[in-house]
1. Going by the conditions given, is G135 outside any helix (DSSP H, G or I), open to solvent by 50 Å² or more (accessible area, probe 1.4 Å), modelled with pLDDT under 95 and small (G, A, S)?
2. Kindly evaluate V120 against the criterion of being open to solvent by 60 Å² or more (accessible area, probe 1.4 Å), aliphatic (A, V, I, L, M) and at pLDDT 95 or above.
3. Here are A56, A133: which of them is more than 17 Å from the chain's Cα centre (by Cα), over 24 Å from N6 (Cα atoms) and of a type outside the set (K, R)?
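The values are calculated or read from the model by the stated rules, or taken from the named source; none is laboratory data. Just so it is clear, the structure is predicted and the values come from calculations on it, not from any experiment. Don't worry about glycine lacking a Cβ; one is built from the backbone with ideal geometry, like all the others, and counts go over all protein chains shown. We work out accessible area using only protein heavy atoms, side chains counted, and drop any ligands, DNA or RNA first. Shrake-Rupley method; radii C 1.70, N 1.55, O 1.52, S 1.80 Å.
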Amino acid sequence: MDLFGNSAKTKLDRLAAAMRTLHKALIDETQREYERAHGKVTTPYQLFALVTSDPAFAWLQPMTRLIVEMEDLIGRKEKPPAETDVAEMRKRIDALLVEEGEPFSTRHLALVQSSPEIAVENGRLHAVLNAIAGGR
């Protein structure tokens, strides 16, 4: 039982939730840009197809893959996540966000600077990252 929310699984749950929220905000912003150039996206299925296969959304794939990996780690039954898993995932998130010259980090940084919504969600993710680094 994790009364104080300090287990590795709880930390990963918090990280995954913050990543999903930022990811959704990035998809929403990319969708708005896409719609300005190509017209309205009318169904969730159309958006899903775009996110998974359109070049306009390809820059999001590294974050998508990392979220899926994190979810797999959280859900594994045979060996619960450990603190080493939390540290590794935190390191990978940090690298994803700041890896110079990579399409994801370049586009992400530009959106943090131009979109208040993205900036807020990015700040929330960093708050979770910092709390986990501090052991809370």
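1. Numbers: outside any helix (DSSP H, G or I): yes; open to solvent by 50 Å² or more (accessible area, probe 1.4 Å): no; modelled with pLDDT under 95: yes; small (G, A, S): yes.
When the stated conditions are applied, G135 does not pass them.
2. Values: open to solvent by 60 Å² or more (accessible area, probe 1.4 Å): yes; aliphatic (A, V, I, L, M): yes; at pLDDT 95 or above: yes.
It is true that V120 is open to solvent by 60 Å² or more (accessible area, probe 1.4 Å), aliphatic (A, V, I, L, M) and at pLDDT 95 or above.
3. Only one candidate qualifies: A56.
Residue-wise test of (1) among the hydrophobic types (A, V, I, L, M, F, W, C); (2) in contact with a helix residue (DSSP H, G or I) (Cβ under 6 Å, 6 or more places away or on another chain).
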residue	(1), (2)
P55	no, no
A58	yes, no
I67	yes, yes
A87	yes, no
E100	no, no
P103	no, yes
